[in-house]
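The values are calculated or read from the model by the stated rules, or taken from the named source; none is laboratory data. Since we're looking at a predicted model, the values are computed, not measured. Glycine also receives a Cβ, built like all others from the backbone with ideal geometry; neighbour counts cover every protein chain displayed. Quick note on the areas: whole protein, heavy atoms, side chains included, nothing else; ligands and nucleic acids left out. Shrake-Rupley method; radii C 1.70, N 1.55, O 1.52, S 1.80 Å.
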Amino acid sequence: MTWRHPEKATLAMPINSLAMEILRDYKQSGGWNRDNWMKESAQWGSASSREVQRALSEGWAWLISRGLVAWDPSQSSGNAYFVTRLGDEALAQGVTHMD
């Protein structure tokens, strides 16, 4: 899957909502590499503008800083990320208990 939200809606999303949409999409698509996900979202999704790409990058930073995704040590790429146990919990229960 790739980012499919319209530009205006993406830019209006609060950072935690944006990040959770990224996480949900990444998990559902079986994502393993953040850069590939970003490039596919720009090429085939709705993330072709610089503003949307930067917003998605902010969302990734939010996910990383809260431990919802982490670097996958089984991969050689520094951009290989997996959804952590905490990330799975946030997808199941929401992030309101985390803020």
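For region 44-65, taking the residues that are in contact (Cβ under 8 Å) with a residue 40 or more places away in the chain and open to solvent by 90 Å² or more (accessible area, probe 1.4 Å), the one that is nearest to A12 (Cα to Cα) is identified as E51.
For region 30-41, the set of residues classified as touching a residue at least 24 places away in the same chain (Cβ under 8 Å) and either under 20 Å from M13 (Cβ atoms) or aliphatic (A, V, I, L, M) (or both) consists of G31, R34, W37, E40, S41, listed by residue number.
Scanning region 13-29 for residues that are of a type in the set (S, T, N, Q) and in contact (Cβ under 8 Å) with a residue 60 or more places away in the chain gives a single hit, N16. Selection of region 67-87 for residues being touching a residue at least 40 places away in the same chain (Cβ under 8 Å) and of a type outside the set (G, A, S) yields L68, V69, D72, Q75, N79, Y81, F82, V83. Every listed requirement among (1) within 16 Å of T2 (Cα to Cα); (2) at pLDDT below 95 is met by M20 save one, (2). Checked against the criterion of being out of contact with any strand residue (DSSP E or B) (no Cβ under 8 Å at 6 or more places or on another chain) and of a type in the set (A, V, I, L, M, F, W, C), the candidates W71, W44 yield just one match: W44.
Each row is one residue, and each column tells you yes or no for (1) under 14 Å from L68 (Cα atoms); (2) within 11 Å of the chain's Cα centre (by Cα); (3) open to solvent by less than 40 Å² (accessible area, probe 1.4 Å); (4) among the small types (G, A, S).
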{"residue": "W3", "(1), (2), (3), (4)": "no, yes, yes, no"}
{"residue": "E7", "(1), (2), (3), (4)": "no, no, no, no"}
{"residue": "L11", "(1), (2), (3), (4)": "no, no, no, no"}
{"residue": "E21", "(1), (2), (3), (4)": "yes, yes, no, no"}
{"residue": "K27", "(1), (2), (3), (4)": "yes, yes, no, no"}
{"residue": "N36", "(1), (2), (3), (4)": "no, no, no, no"}
{"residue": "E40", "(1), (2), (3), (4)": "no, no, no, no"}
